[in-house]
Each structure stands twice: as structure tokens, then as C-alpha cells.
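Take a look at the structure below.
Throughout, read-outs are computed from the coordinates displayed, never taken from laboratory work. Everything numeric in this text was worked out from a predicted model, so none of it was measured. Cβ: placed from backbone, ideal geometry, glycine included. Neighbour counts: every protein chain shown.
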Amino acid sequence: MADLLEVIKQISDNTTKAGVPMAVMFGTVTSADPLEVNIEQRLTLNDRFLVLTDAVKSHDVVFTTPDGDVLYKEHRTLNVGDTVVLLRMPGGQKFIVMDRVWSS
């Protein structure tokens with residue numbers, strides 16, 4: 001968490017130098033492979049413009065008992081239709097995909 005806060009602070013410090021300030025945005029995944037995210041139905045970003053955090057990279061989640069027996073295994077990845085939180089980096093050329101948004 002401290003690393004993430006440091007990255008956000010560093011981006012914030014560079015905002016005035018870049019001309020295009022940092023901004024938090026929401027997007028919708030329109031393609032999973034290759035990854036594409038649409039922002040406000042007017043701009044589609046492909047993987048050249050996206051930086052993924054560990055929270056959204058494809059990975060397996062395994063729940064085990066204390067003895068090591070597998071109770072449940074799930075593969076987590078971004079899917080078409082997922083809503084994601086994006087942090088636009090200074091300059092506006094790169095977007096960090098921070099996490100997916102879960103709705104109940």
C-alpha cells in the first residue's frame with residue numbers, strides 16, 4: 001500500500017509539469033484479448049495506453065484448507081463488460097488500470 005501511495009504522490013507532484021493533470025476515470029472493458037477499455041463511450045484505449053496493476057492482471061486464486069487441500073480455485077481476469085477504475089497519468093498518454101468495480 002505504501003508503494004501505491006508513493007506512486008500516486010509522484011504522479012501528483014508531476015501534474016503541473018505535464019500540462020494534462022492526473023484524473024480518476026471509469027471505463028468499460030470492450031475486449032478482453034487484446035485488452036481494450038472504453039472511457040465515457042467516446043475513447044477506446046488499447047494495451048499500448050494501459051498499465052495494469054496486480055489487482056487486474058490475470059491470475060489464479062486458490063483457497064485451501066490448513067492441510068493444503070484445495071477447496072476452491074478461480075481464475076480472475078478482466079472480462080468484457082467489467083467496469084474498471086483508471087488513473088490518467090500526467091500528459092494523458094497512459095492510464096493505470098487500478099481495479100475493477102464490483103456492483104451489488
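Summary of values
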{"quantity": "Residue count, the stretch 33-58 (criterion: of a type outside the set (Lys, Arg), out of contact with any His (no Cβ under 8 Å at 6 or more places or on another chain) and not in a strand (DSSP E or B))", "calculated": "10"}
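Condition check ((1) more than 12 Å from Phe26 (Cα to Cα); (2) loosely packed, with under 12 Cβ neighbours inside 10 Å; (3) without any contact (Cβ under 8 Å) to a residue 24 or more places away in the chain; (4) over 11 Å from the mean Cα position of the chain (by Cα)) across all residues:
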{"position": "Ile39", "(1), (2), (3), (4)": "no, no, no, yes"}
{"position": "Leu52", "(1), (2), (3), (4)": "yes, no, no, no"}
{"position": "Val56", "(1), (2), (3), (4)": "yes, no, no, no"}
{"position": "Val61", "(1), (2), (3), (4)": "yes, yes, yes, yes"}
{"position": "Thr65", "(1), (2), (3), (4)": "yes, yes, yes, yes"}
{"position": "Val70", "(1), (2), (3), (4)": "yes, yes, yes, yes"}
{"position": "Glu74", "(1), (2), (3), (4)": "yes, yes, yes, yes"}
{"position": "Asn79", "(1), (2), (3), (4)": "yes, yes, no, yes"}
{"position": "Leu86", "(1), (2), (3), (4)": "no, no, no, no"}
